[in-house]
1. Evaluate E = 1/(1 + (r/R0)^6) for Thr11 and Asp116, where r is the Cβ-Cβ distance and R0 equals 25 Å; express this FRET efficiency to the nearest 0.05.
2. Set the Förster radius R0 to 41 Å, insert the Cβ-Cβ distance between Arg59 and Thr204 as r into 1/(1 + (r/R0)^6), and round the FRET efficiency to 0.05.
3. Compute the FRET efficiency between Lys100 and Glu168 as 1/(1 + (r/R0)^6), taking r as their Cβ-Cβ distance and R0 = 35 Å, and round to the nearest 0.05.
4. Could you give the C-alpha radius of gyration of segment 148-221 expressed as a fraction of 2.2 N^0.38 Å, taking N as the number of residues it contains?
5. With a/c under 1.5 counting as rounded, go ahead and sort segment 203-280 into rounded, prolate or oblate using the C-alpha gyration tensor (a ≥ b ≥ c being the square roots of the eigenvalues; past the cut-off, prolate if a/b is larger than b/c, else oblate).
6. Once the mean 1/r over all distinct Cα pairs of segment 36-127 is inverted, what Kirkwood radius in angstroms do you read off?
7. Label-point separation (nm) for Ala131 and Ala258, each offset 7 Å from Cα along Cα-to-Cβ?
8. Quick one: grab the alpha carbon gyration tensor of segment 7-57, order the square roots of its eigenvalues as a ≥ b ≥ c, and give me rounded if a/c is under 1.5, else prolate or oblate depending on whether a/b is larger than b/c.
Amino acid sequence: MTDKKPWFKETLYPAIAQTYAMDKVLFRERSAHQDLVIFENAVYGRVLALDGAIQVTTRDEFVYHEMMTHVPILAHGKAKRVLIIGGGDGGILRETLRHKSVKHVTMVEIDRAVVDMCLKWMPSIAGKSFADSRVNLVITDGAKFVEETTAKFDVVIVDSTDPIGPGEVLFTERFYKACAKLLTPGGILVNQNGVPFLQGDEITMTYRRRRKAFKVASFYVAAIPSYYGGFMALGWATNDAKASKLPAATIAKRFAKAGIKTKYYTPEIHAGCFALPAFAAAYIR
Ligand code: SAM
């Protein structure tokens with residue numbers, strides 16, 4: 001029986017690819033910025049891909065969104081103002097808003113089509129987050145925003161596509177320097193930094209660039225099934241060296257006070273996620 005179903009082939013790497021059966025294509029369009037497709041898959045639920053790269057699936061999105069949000073916010077301990085760059089699917093926004101201590105979130109997304117289409121076809125991710133009175137959604141290039149804003153933030157979360165296409169500017173030294181300037185003392189920047197086993201050069205690249213803007217530039221890890229190739233590295237940058245060294249007991253107290261239920265994040269995982277395997281740490285050079 002020939003397999004008549006169309007398959008989505010991720011084109012992130014030249015020599016390997018992952019493919020997903022597209023049980024149903026829900027949306028496909030070239031926006032002003034990128035190729036957008038949302039489809040249904042029996043294993044991952046609903047899947048968003050941008051310019052040929054898997055971005056988010058309704059089945060495993062909780063891993064990345066919890067780790068990209070609760071680690072910096074609970075490490076900071078007193079974050080009131082959060083800036084999200086990218087994150088069009090709304091998952092980071094949803095997790096950020098679960099912190100009642102956060103009083104304001106600015107989210108800067110370049111492509112309105114991603115927000116609109118994820119709300120329409122993947123509503124379980126953002127839920128009602130965009131309607132929260134604490135949210136200020138700005139549709140523009142994140143690199144432009146951070147250079148022009150006079151606002152200050154306690155945590156910056158860069159939930160961008162990979163350093164190709166519109167996302168490329170979000171991996172530059174200039175961008176990191178602008179982020180360092182808009183962070184309050186003790187502020188923390190985290191960024192999507194790829195899968196070390198397949199994108200190790202991106203570890204070295206962002207480490208060198210973030211080190212020019214922050215006293216501490218390192219990584220922490222999380223295992224996200226749809227970002228295949230082993231665990232993913234999440235960039236960490238701050239001037240507060242202690243922020244990534246909090247004991248699990250301190251984190252556990254803050255987590256309990258926040259009263260948040262999670263499916264991946266735990267205070268123990270938070271305390272341990274900065275421990276990098278030797279091969280990944282070797283890219284920090
Ligand atoms: N979690 C995904 C990952 O790790 O690859 C990223 C998901 S999110 C959909 C990525 C978002 O970054 C997209 O909505 C894209 O439009 C946005 N983006 C890319 N370049 C941008 C830029 N220069 N400024 C603001 N948003 C940007």
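1. Details: r = 24 Å, r/R0 = 0.98.
The pair Thr11/Asp116 has a calculated efficiency of 0.55.
2. Working: r = 31 Å, r/R0 = 0.77.
That pair, Arg59 with Thr204, gives E of 0.85.
3. Details: r = 36 Å, r/R0 = 1.02.
The pair Lys100/Glu168 has a calculated efficiency of 0.45.
4. On the way: Rg = 12.1 Å, N = 74, 2.2 N^0.38 = 11.3 Å.
My calculation over the Cα atoms of segment 148-221 gives 1.07.
5. Values: a/c = 2.27, a/b = 1.27, b/c = 1.79.
Oblate is the answer for segment 203-280, as a/c is 1.5 or above yet b/c matches or exceeds a/b.
6. Across segment 36-127, the inverse of the average 1/r is 13.7 Å.
7. Reported label-point gap for Ala131 and Ala258 is 2.5 nm.
8. Values: a/c = 1.97, a/b = 1.02, b/c = 1.94.
The shape class here is oblate.
Bear in mind that the values in this text are calculations on the coordinates, not laboratory data. The model shown is predicted, which means the values in this text are computed figures rather than measured ones. Cβ coordinates were reconstructed from backbone atoms using ideal geometry, including for glycine residues, and neighbour counts include every protein chain displayed.
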